[in-house]
Amino acid sequence: MFDQITWNLSGAEIEAESFRRIDAEASPALKKRFTPAEWHIVRRLIHTTADFSIAENLEFHGNPVAAARNALSRGAVIYCDSNMIKAGLSIPKLRKYHSIYSRESIVCPVADHETAELAAREHITRALAAVRLHQKQIDGGIFLCGNAPLALAETVRLTSEGIIRPAFLVGMPVGFVNVVESKKLMDQIDIPWIRLNGRRGGSPLAVAALHAVMEDFAL
């Protein structure tokens with residue numbers, strides 16, 4: 001059985017072979033639905049999940065790749081709705097765009113004392129309280145949602161009311177309550193975004209989406 005394993009491959013070689021297989025298995029009709037930059041994001045998320053069906057629910061609006069890269073190049077704030085996203089983002093990749101980025105510079109205040117106090121006082125989730133407390137940081141920044149639909153819904157509400165305007169938004173919360181509804185709200189805002197429709201999502205997918213945006217791609 002062990003002779004069925006290819007042992008002498010580096011991580012980079014495994015990734016390249018994975019992309020080759022994804023490109024080979026994907027139908028031409030599927031790939032034609034996306035621009036080259038979008039397809040690289042799609043296949044990165046397929047690579048993350050090993051599931052081609054994820055492509056059917058991915059949606060792009062407003063040239064998000066260019067918008068995200070421009071925001072990163074000026075050192076825009078990166079706001080995350082979970083510490084898993086903060087932990088998963090590649091600092092070396094971020095620093096290729098701006099030297100300002102560090103693990104500490106990524107904003108994820110869901111566990112802060114001030115956030116917990118507001119959540120308890122108003123009987124709301126910490127994710128929602130964190131957005132309400134950090135509107136100024138989200139304004140003009142990059143918003144990554146892979147967990148909390150109420151954080152996404154509140155960000156969309158603030159944007160639709162003209163209170164803030166994020167430069168780029170990833171909407172990929174996961175679950176059963178408020179998830180589909182919060183994603184649908186993104187139709188109300190005309191800013192660059194990437195959305196994974198339906199119940200699926202998660203912090204690893206939000207991380208993978210931003211990583212794919214930052215990567216050079218060759219098709």
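The values are calculated or read from the model by the stated rules, or taken from the named source; none is laboratory data. No experiment lies behind these values; they were computed from the predicted model shown. All Cβ positions, glycine included, derive from the backbone under ideal geometry; neighbour counts span all protein chains shown. Surface areas here come from the heavy atoms of the whole protein model, side chains and all, with no ligands, DNA or RNA. Shrake-Rupley method; radii C 1.70, N 1.55, O 1.52, S 1.80 Å.
With a 1.4 Å probe and all protein chains left in place, how much accessible area per residue does the chain have, in Å²?
Normalised by residue count, the accessible surface of the chain is 50 Å².
Students often forget the sequence filter, so: which aspartates and glutamates lie under 19 Å Cα-Cα from Lys32 once same-chain residues fewer than 8 apart are removed?
Lys32 reaches Asp23, Asp51, Glu56, Glu59.
Roughly speaking, what % of Cα-Cα pairs in the stretch 56-146 are separated by over 22 Å, rounded to a whole number?
It works out to 34 percent of all Cα pairs.
From Cα pairs below 8 angstrom and at least 6 apart in sequence, can you work out the relative contact order of the chain, rounded to a whole percent?
24 percent
Using 7 Å Cα-to-Cβ label points, what is the His113/Glu15 separation (nm, one decimal)?
About 4.0 nm separates the two model spin labels.
Expected output is a single nm value to one decimal: the length gained when fully extending between Arg69 and Gln135, i.e. 0.36 nm times separation in residues minus the C-alpha distance. What is it?
Length difference between fully extended and current span is 21.6 nm.
Label the stretch 102-179 by shape, choosing from rounded, prolate and oblate, from the square roots a ≥ b ≥ c of the eigenvalues of the Cα gyration tensor; if a/c is under 1.5 it is rounded, and otherwise prolate applies when a/b is larger than b/c, oblate when it is not.
Rounded.
Tell me, which cysteines of the chain are without a disulfide-compatible partner by the Cβ under 4.7 Å rule?
Cys145
When we measure straight from the Cα of Lys31, which lysines land under 18 angstrom away, once same-chain ones fewer than 8 places off are left out?
Straight-distance partners of Lys31: none at all.
Within the stretch 1-102, report the chymotrypsin sites (Phe, Trp or Tyr not before Pro) that DSSP leaves as loop and that have at most 11 other Cβ atoms within 10 Å.
Answer by residue number: Trp7.
Give me the dipole magnitude in Debye, nearest 20, for the stretch 1-112 about the Cα centre, with unit charges on the beta carbon: positive for Lys and Arg, negative for Asp and Glu.
Computed charge dipole of the stretch 1-112: roughly 520 debye.
Express the Stokes-Einstein translational diffusion coefficient of the stretch 1-102 in µm² s⁻¹, to the nearest whole number, given a Kirkwood radius over alpha-carbon pairs, 25 °C and a viscosity of 0.890 mPa s.
Stokes-Einstein gives a translational diffusion coefficient of 152 µm²/s.
May I ask you to rank Asp187, Asp81 by accessible area, largest first, using a 1.4 Å probe over the protein chains only?
Putting Asp187, Asp81 in descending order of accessible area: Asp187, Asp81.
Quick check of the Kirkwood formula: for the stretch 89-219, what is the inverse mean of 1/r over all pairs of different Cα atoms, in Å?
Here the Kirkwood hydrodynamic radius works out to 15.3 Å.
What 222 nm value per residue comes from the helices of the chain, counting each DSSP H run with n ≥ 4 as -39,500 (n - 2.57) and dividing by all residues, nearest 500 deg cm²/dmol?
It comes out at -14000 deg cm²/dmol, rounded to the nearest 500.
May I ask you to compute the full-extension gain from Ser102 to Ala87, defined as 0.36 nm times their residue separation minus their alpha-carbon distance, rounded to one decimal in nm?
4.3 nm
Provide, in order from the shortest bin, the percent of all Cα-Cα pairs of the chain in each 5 Å bin, continuing until the bin that contains the maximum pair distance.
Answer for the chain: a P(r) of 1, 7, 15, 19, 19, 16, 10, 6, 3, 2, 1, 0, 0 percent.
Would you mind calculating the gained length between Asn57 and Val177 on full extension (0.36 nm times residue separation, minus the Cα-Cα distance), in nm to one decimal?
Additional length available on full extension: 41.4 nm.
Counting only protein heavy atoms, what percent of the accessible surface of the chain is carbon or sulfur at a 1.4 Å probe?
Carbon and sulfur: 53 percent of the exposed surface of the chain.
How much accessible area does Arg199 have with a 1.4 Å probe, in Å² rounded to the nearest 10?
Probe radius 1.4 Å; accessible area of Arg199 about 140 Å².
To make sure I understand the rule: partners must be aspartates and glutamates, Cα under 13 Å from the Cα of Lys96, and not fewer than 8 residues away in the same chain. Which ones qualify?
Of all the aspartates and glutamates, those that pass the test against Lys96 - Cα under 13 Å, at least 8 places apart if same chain - are Glu215, Asp216.
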